[in-house]
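Every read-out reported here was derived from the displayed coordinates using simple, explicitly stated rules and does not represent laboratory data. Note that the structure is a prediction, hence the values are computed from the model and not measured. No Cβ is skipped: glycine too gets one built from the backbone with ideal geometry, and neighbour counts run over all protein chains shown.
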Amino acid sequence: MNASSLHLSIRYSLCLFIMLACVDVPLLKAQQKEDDNIELYSSEETYEYQYNSKQKQVTVDQLIEKTFICNAFRSSIPFGETYNNQEEILDVNIEVDGKRARDIRPTYDYLNINSYFYTDARMCYFELPFVQKGSKSKVTIEKEIKDPRYLSTVFFTDNYPTRTKKITVIVPRWMQTDIHPYNFEGQNISVQKTFDSKKNADIYTYTASNMPAMKKTAMSPGPSWLWPHIMICSKTADYEGNKSAYFATTADLYKWYHSLTQQLHSDTVALDERAKKITEGITDKWEQLKAIFYWVEDNVRYIAFEDGIAGFKPDEAHEVMRKKYGDCKGMANLTKALLQRCGFDARLCWIGTNHIMYDYSIPSLSVDNHMICAVNYKGKWWFLDATEEYMQPGVYAERIQGRQVMIENGDSFLLEHIPSTKPEQNSRLFKEELYVDGNNMAGKILYKYEGESKTDILSSINGVKKDRLQTALENYITNSNMHYKISNMKTTSLEQRDGNLEVNFDLVYQDAVSSFGSEMYIDIDYNKEFNNAVIDTVKRKIDLRFDSKDNFITETDLLMPAGYKAGTLPENLHIVHPKFTIDITYAVKDNKICYRKKITILNTYLQKSDFLEWNKAIASLSKKYLEQITLVKL
């Protein structure tokens with residue numbers, strides 16, 4: 001399921017644009033270069049509940065009809081449709097300019113990552129041609145969804161601009177279904193409900209016009225926050241006395257999840273041996289908990305699709321331990337199993353990261369995309385996410401902060417929230433004692449990293465070989481700028497979780513000082529966070545989300561050279577916004593210039609309505625970075 005920073009729980013109904021980026025086949029690595037060349041002329045999706053009398057179960061017939069049009073020049077595009085062991089593609093028909101294209105044969109294959117990690121998700125794919133301007137190519141796919149639970153979110157947007165999109169849901173009166181609309185505001189979407197007496201079914205028809213392409217954009221919230229879609233929730237069925245229960249309540253959702261975990265049968269002997277080895281010589285229970293958690297972080301590689309299409313049943317704990325890799329479900333299960341071997345009250349948890357907008361008020365497979373472990377220790381819940389490298393208990397990644405979490409509790413469940421923290425959790429303190437040395441600034445520097453700022457740097461530098469660790473750390477700190485020369489570096493442990501990461505070093509900031517006559521001009525800030533970080537409001541059409549609530553603090557004291565005094569100091573800068581603040585001050589104290597800067601991201605979600613104020617703030621900040629301190633001879 002979900003991983004770092006970035007992490008859609010549409011599950012088995014994933015939108016095509018996500019899949020095109022993940023499939024390891026050359027055909028699907030192609031990208032449309034011209035946004036207007038290919039459009040979806042029309043797109044229709046129909047979902048109809050059926051009752052399979054032979055198998056005595058409810059299924060859903062899905063019909064997909066997509067007609068693409070070429071607006072400019074001859075081209076071809078990749079087309080793919082995902083499915084899994086709960087779905088079956090019954091038929092694929094391809095037409096090019098009104099004629100069936102029998103020479104185009106779809107390929108059916110498993111999705112994989114880098115050719116070595118496979119899931120039960122599959123892809124039917126082929127290349128769709130357009131012979132000239134005005135050509136139309138049509139794809140018709142018939143699918144069967146074997147379990148109505150897997151029918152969840154349906155989007156009105158696609159990988160290409162769409163002129164018209166129609167979604168039809170046919171619900172027989174023997175079926176109870178809820179349909180929840182999302183992000184319809186400001187969209188040209190009409191809704192119609194009719195009754196078909198022959199089918200004894202209610203028919204819900206949604207028609208949308210002029211839908212933009214659903215493109216992947218850097219630093220964007222998950223699609224459920226942005227794009228219009230519906231969530232279809234199958235509740236219960238009563239076909240001629242044959243009753244079936246799906247997800248009428250959150251308790252039903254948990255019951256189904258719990259039934260999958262009850263099918264697990266761990267090798268307790270192997271787990272006992274490992275737990276004893278990990279905690280050997282450790283008598284303090286809290287230290288045992290941390291040792292288990294850190295061991296899983298260090299020894300089990302997280303490998304999974306970003307949005308959890310690999311199903312819902314965790315892998316056996318001993319198998320994850322043996323293979324030394326797993327997805328979030330397997331890693332959570334291993335963490336739980338090892339902790340239980342040491343006597344802890346450890347439990348599995350289901351959670352939706354901030355990549356998705358839903359919570360457990362609606363029972364659906366789309367409401368969560370991640371699994372973690374919870375430990376009730378001395379009456380307090382501690383949430384352990386082993387997919388986060390170098391994370392310590394009590395420090396939570398932004399993607400799960402404040403999110404509702406479902407905790408297993410035998411046949412029942414508990415609903416809690418992951419604690420939300422302030423930006424101070426992730427502070428990056430740059431404390432500098434500098435002096436002028438010719439055209440350079442030099443001095444002693446202390447960098448202190450906390451929370452996610454610490455896990456970021458540790459994850460980045462520990463990905464290299466040990467003999468290159470020092471160079472990697474220097475490059476991280478200096479951003480590979482050749483004007484910053486670092487020496488005599490000393491650090492706290494680069495593998496630690498507890499406490500802060502501190503880096504001490506000597507710095508020579510080359511060419512930071514310019515002299516003209518009796519005046520000296522100094523560029524005192526070499527970090528310049530968010531310099532020129534304006535948002536291109538012409539190109540960017542969607543909201544933006546930062547990875548974490550950050551807190552950048554710079555405290556610089558510059559010793560004025562003998563025979564000089566402060567001349568002109570830039571004006572202070574104070575910007576306060578509900579989602580971010582910028583504070584820069586300059587002062588003279590004794591024979592030092594005291595430069596203080598604090599940039600804080602209070603809320604990681606910037607909506608388009610925030611872009612104007614953000615850009616104004618960044619423009620002021622970048623202008624401030626250009627202003628230099630002036631020293632004059634006495």
Taking a ≥ b ≥ c as the square roots of the eigenvalues of the Cα gyration tensor, with a/c under 1.5 meaning rounded and otherwise prolate when a/b exceeds b/c and oblate if not, segment 423-633 is oblate
Average Cα contact separation per residue, segment 11-247, under 8 Å, 6 or more apart, as relative contact order %
23
At most 14 other Cβ within 10 Å, DSSP loop - trypsin sites (Lys or Arg not before Pro), segment 65-174
Arg74, Arg102, Lys133, Arg173
In nm, to one decimal, how far is the Thr46 label point from the Ala248 one, both placed 7 Å along Cα→Cβ?
3.0
Just to check I understand the Karplus step: with θ = phi - 60° and J = 6.51 cos²θ - 1.76 cosθ + 1.60, what whole-Hz values come out for segment 570-587, glycine and proline as x?
x, 6, 5, 10, 10, 10, 10, 9, x, 10, 6, 9, 9, 9, 10, 10, 10, 8
Starting from the Cα-Cα distance between Thr194 and Leu446, subtract it from 0.36 nm times their residue separation and give me the gain in nm to one decimal.
83.8 nm
Could you state the number of Å between the C-alpha centres of segment 221-287 and segment 53-71?
28
Name the long-range amide H neighbours of Ala121: under 5 Å, sequence gap of 5 or more, or other chain; modelled H, no Pro or chain starts.
Leu111
Given the C-alpha centroids of segment 426-448 and segment 120-178, what is the distance between them in whole angstrom?
57
Model label zone, His483; criterion: amide N under 17 Å from point 7 Å along Cα-to-beta-carbon; scope segment 532-559:
532-533
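Counting other C-beta atoms within 10 Å, which of Val139, Val96 has the fewest, and how do the rest follow?
Val96, Val139
How would Thr387, Thr82 line up from fewest to most surrounding beta-carbon atoms within 10 angstrom?
Fewest to most other Cβ atoms nearby, the residues stand as Thr82, Thr387.
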For the pair Ile282 and Val588, the simple spin-label estimate (label points 7 Å beyond Cα toward Cβ) gives in nm 5.6
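Sum -39500 (n - 2.57) across every DSSP H segment of at least 4 residues in the chain, then divide by the residue count to get the 222 nm mean residue ellipticity, nearest 500. Provide the component values of the computation, followed by the final result.
Values: 10 runs with 107 residues, N = 634.
It comes out at -5000 deg cm²/dmol, rounded to the nearest 500.
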With a 10 Å Cβ neighbour count serving as the proxy for reagent exposure, in which order, fewest first, do Met489, Met214 appear?
Met489, Met214
Calculate, in nm to one decimal, what Lys255 and Lys313 gain on full extension: separation in residues at 0.36 nm each, minus their alpha carbon distance.
19.6 nm
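Would you please calculate the Kirkwood hydrodynamic radius of segment 251-417 over all C-alpha pairs and express it in Å, rounded to one decimal? Could the numbers behind the result be given before it?
Numbers: mean 1/r = 0.0628 Å⁻¹.
Here the Kirkwood hydrodynamic radius works out to 15.9 Å.
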Unit-weight point scatterers at every alpha-carbon of segment 356-515, Debye formula, q = 0.09, 0.11, 0.17 1/Å: log10 I(q)/I(0) is -0.44, -0.60, -1.02
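May I ask you to compute the full-extension gain from Thr205 to Asn409, defined as 0.36 nm times their residue separation minus their alpha-carbon distance, rounded to one decimal in nm? Don't jump to the answer; show the numbers that get you there.
Values: separation 204, 0.36 × 204 = 73.44 nm, distance 4.02 nm.
This chain segment gains 69.4 nm when fully extended.
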Estimated vicinal HN-Hα couplings, Hz - segment 402-412 in sequence order (Karplus 6.51, -1.76, 1.60; Gly, Pro = x):
x, 7, 6, 10, 9, 10, 5, 8, x, 7, 10
Residue-by-residue Karplus 3J(HN,Hα) for segment 123-133, coefficients 6.51, -1.76, 1.60, Hz, glycine and proline x:
9, 9, 9, 6, 9, 9, x, 9, 6, 6, 4
Using a simple spin-label model with points 7 Å from Cα along the Cα→Cβ vector, what separation in nm is obtained for Lys541 and Asn500?
4.5
Pull out a ≥ b ≥ c, the square roots of the eigenvalues of the alpha-carbon gyration tensor of segment 214-289, then state rounded if a/c is under 1.5, prolate if not and a/b is larger than b/c, and oblate in the remaining case.
oblate
Sparsely packed GluC sites (Glu not before Pro) within segment 445-526, loop by DSSP, other Cβ within 10 Å at most 16:
Glu495
